[in-house]
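The values are calculated or read from the model by the stated rules, or taken from the named source; none is laboratory data. Just so we're clear, the structure is a prediction, and the values are computed from it rather than from any experiment. Cβ placement follows ideal geometry from the backbone for every residue including glycine, while neighbour counts extend to all protein chains displayed.
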Amino acid sequence: MSWRVVRRTTSVFLALLRQEVQMIAQYRWWLLAMQASVVLVPLISLLVWRGAIAHGARPPVTTEYLTTYLVLVSVVTMLTSSWTARFLADSIRLGQLNAWLVRPCSTHLASAANNVSEKLAKIATLLPLVVALAIAFHSDLELPTNPIRWLLFCWTLALGAIMVFSFDFVVGTLAFWWDDVTAVDRFRQLITLFLSGALIPLSVLPAAWGPFLAVQPFGYAVNFPIQTLLSQDAASIRDGLAVQAAWALAALVAARLTWTRGLRRYSGAGA
Amino acid sequence: MPSPSHESSPVIAAHNLSRSYEFFRQPTGLSGALCSLVHREPTRVQAVDGLDLTVESGEVIGLLGPNGAGKTTIVKMMCGLLRPTSGSLSVCGYRPADRSYQFLSRISVIFGQKAMLWWDVSTRESLRIHCSMYEIPPADFAATVAQLGELLGITDILDTPVRNLSLGQRMRCELALALLHRPILLFADEPSIGLDVEAKLVVRRLFREVNQALGTTIVLTSHDMDDVEALTDRIVIVTGGRATFDGSLGALRARTGLPNEARLDEVMAKAFHHDGDRA
């Protein structure tokens, strides 16, 4: 890729980003309501777990681990989430992709700009809510002070976001072959919610599931980035970094493959 | 920014171009729907069948035909949206299906039924995005936006969100977006749909100016015969996926045997009917 292409792509991406931010600014209440709902699920989970522990339940992790995990989970889930599949599938089915395919620009740049801009806006509204949660449960909150840990956290967040976006993209491109991908998308969302650790930490699942949980991709979107801050097991973090990178690469290759194959089948419905 | 060329090689060269669609037939009735759960009947439709067409630089051609004749499929192949099933196609010297930057930055497409503008922001913002995409120098960008704004009468609405524009205003803004990078080849699919009489005249005048001043080749598909009469030098009638007539409007009138004062709608209807029977 030449320097000129990089410069042009960056320029278009920034222009699309600016356009997306302008659009988000017009939907302020939607953004606030959405962020409140993002915090609500881990908050309920946190209250249920603390209630259970207060009544004598003995989970395989400490109260401090559980509290820190569930305070962080809303930020991590939001930063690694993607919502492209439904929009991409609709644009393939209804022929709206035409408007992008006749432009000298990557079609995926718009989805990426939409993803990044919404996350920027969401983090701005989500952080105060998370800080409020952290203050409320500060006595049981244990966060590392080592900057290397925080760097690892950022790296795994970025790879997790790339992996989720790419898998989401693959689901959307299935619309090149199938008329309706809603069921696949819902199934993926359900599986992701459970196996990523967004609903409950993977550490509290039965120990026998361990080998499976270590290789399945969804945990590398939410559970693993949090583990880089909370886990004391350096070997498992090292292995996890390799597995996450492999999944991110596999997801990118799959997205590229389904896109190029799918385009050959595209009929550009309507005008 | 590419500038229109007047090279001797044709802008569009299609030889034996074909395209078919494959899909599953939808059975009628509840029993048919239940049967289709276990057995589906594949169907193949030949939308374009051995088309030969050459368009020279600077021409304005009307690609016309009855509904389902294959003209939209032809345009989609020419602008790189669809891959031909067989045959060869060269547009601006490139293979459209490759969708290279060089090719896509030389063409422009106006879909009367589909918006190219971003819905939730102003036209100026859409123009800025295209400025980055087509690598238009800032000085050229400012001058072209001012020129198009004045010509199309949209200077006052450039900062209005597109969703708040009327259909006619939106179509004028769509035109500005399509012409911003000065394409060599412009595909216009129903470009005057929804426009009032005055706006239609403006659009026609603009197309003529763009064609004459910049040598832009225009491929027009429209059911508005006034557009066709006002703009096109050459008419290609597509029936059954083939070009069944290629010539001037005068030649078409003579071919149908209708008097010179006959309305173009009547001429076309007779030509479609005649060519449909032959196809």
In the list B:Pro161, B:Pro137, which residue meets the criterion of being free of Cβ contacts under 8 Å to residues at least 60 places away in the same chain and more than 7 Å from every other protein chain (Cβ to nearest Cβ)? B:Pro161
With B:Ala69, B:Ala143 as the choices, which residue is more than 13 Å from chain A (Cβ to nearest Cβ) and crowded, with 16+ Cβ neighbours inside 10 Å? B:Ala69
Residues that are within 14 Å of chain B (Cβ to nearest Cβ) and without any contact (Cβ under 8 Å) to a residue 24 or more places away in the chain: find the helices (runs of 4 or more DSSP H) completely inside region A:157-271 holding 2 or more of those. A:234-265
Could you tell me which residue of region A:1-37 is farthest from the other protein chains (Cβ to nearest Cβ), considering only residues that are hydrophobic (A, V, I, L, M, F, W, C) and farther than 26 Å from A:Leu109 by Cβ? A:Ala36
Quick check on my filter: what residues within region A:134-186 are in contact with a Lys or Arg (Cβ under 9 Å, 6 or more places away or on another chain), surrounded by fewer than 21 Cβ atoms within 10 Å (Cβ to Cβ) and among the charged types (D, E, K, R)? A:Asp140, A:Asp179, A:Asp180, A:Asp185
Residue that is farthest from B:Thr221 (Cα to Cα) [pool: residues in region B:28-85 that are assigned to a loop (DSSP other than H, G, I, E, B) and hydrophobic (A, V, I, L, M, F, W, C)]: B:Val38
Is it the case that B:Ser88 is touching a residue at least 24 places away in the same chain (Cβ under 8 Å), surrounded by fewer than 18 Cβ atoms within 10 Å (Cβ to Cβ) and either in the same structural domain as B:Met225 (by TED's automatic domain parsing) or under 22 Å from B:Asp233 (Cβ atoms) (or both)? yes
Considering only region B:66-87, how many residues are on the phi > 0 side of the Ramachandran plot and under 14 Å from the mean Cα position of the chain (by Cα)? 2
Selection count, region B:247-266, where residues are surrounded by 15 or more Cβ atoms within 10 Å (Cβ to Cβ) and touching a residue at least 24 places away in the same chain (Cβ under 8 Å): 1
Members of region B:133-161 found to be of a type in the set (D, E, K, R), assigned to a helix (DSSP H, G or I) and touching a helix residue (DSSP H, G or I) at 6+ places or on another chain (Cβ under 6 Å), listed by number: none
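One line per residue, one yes/no per condition, for (1) closer than 20 Å to B:Lys76 by Cβ; (2) buried (at least 23 other Cβ atoms within 10 Å of the Cβ); (3) within 14 Å of chain A (Cβ to nearest Cβ):
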{"residue": "B:Ala188", "(1), (2), (3)": "yes, yes, yes"}
{"residue": "B:Glu198", "(1), (2), (3)": "no, no, no"}
{"residue": "B:Val202", "(1), (2), (3)": "no, no, no"}
{"residue": "B:Phe207", "(1), (2), (3)": "no, yes, no"}
{"residue": "B:Gln212", "(1), (2), (3)": "no, no, no"}
{"residue": "B:Gly215", "(1), (2), (3)": "no, no, no"}
{"residue": "B:Thr221", "(1), (2), (3)": "yes, yes, yes"}
{"residue": "B:Asp226", "(1), (2), (3)": "no, no, no"}
Hey, does region A:122-135 have a residue that's in a helix (DSSP H, G or I), over 26 Å from A:Leu17 (Cα atoms), at pLDDT 90 or above and not acidic (Asp, Glu)? no
Residues that are touching a strand residue (DSSP E or B) at 6+ places or on another chain (Cβ under 8 Å) and modelled with pLDDT of 85 or more: list the helices (runs of 4 or more DSSP H) wholly contained in region A:45-116 that include at least 1 such residues. A:98-101
Of all residues in region B:87-105, count the ones that are within 14 Å of another protein chain (Cβ to nearest Cβ) and in a strand (DSSP E or B). 2
Being surrounded by fewer than 18 Cβ atoms within 10 Å (Cβ to Cβ) and within 23 Å of the chain's Cα centre (by Cα), is that true of even one residue in region A:100-107? yes
Can B:Ser126 be described as among the hydroxyl-bearing types (Ser, Thr, Tyr), at the interface with chain A (Cβ under 9 Å from one of its Cβ atoms) and in contact (Cβ under 8 Å) with a residue 24 or more places away in the chain? yes
Flagged in region A:89-139 as away from chain B (no Cβ under 11 Å) and charged (D, E, K, R), in numbering order, are A:Asp90, A:Arg93, A:Glu118, A:Lys119, A:Lys122
Note on A:Gly56: of the conditions (1) at positive phi; (2) within 14 Å of chain B (Cβ to nearest Cβ); (3) not aromatic (Phe, Trp, Tyr), unmet is (2)
If you go through A:Ala25, A:Ala15, the only one that is buried (at least 17 other Cβ atoms within 10 Å of the Cβ) and within 30 Å of A:Trp100 (Cα to Cα) is A:Ala15
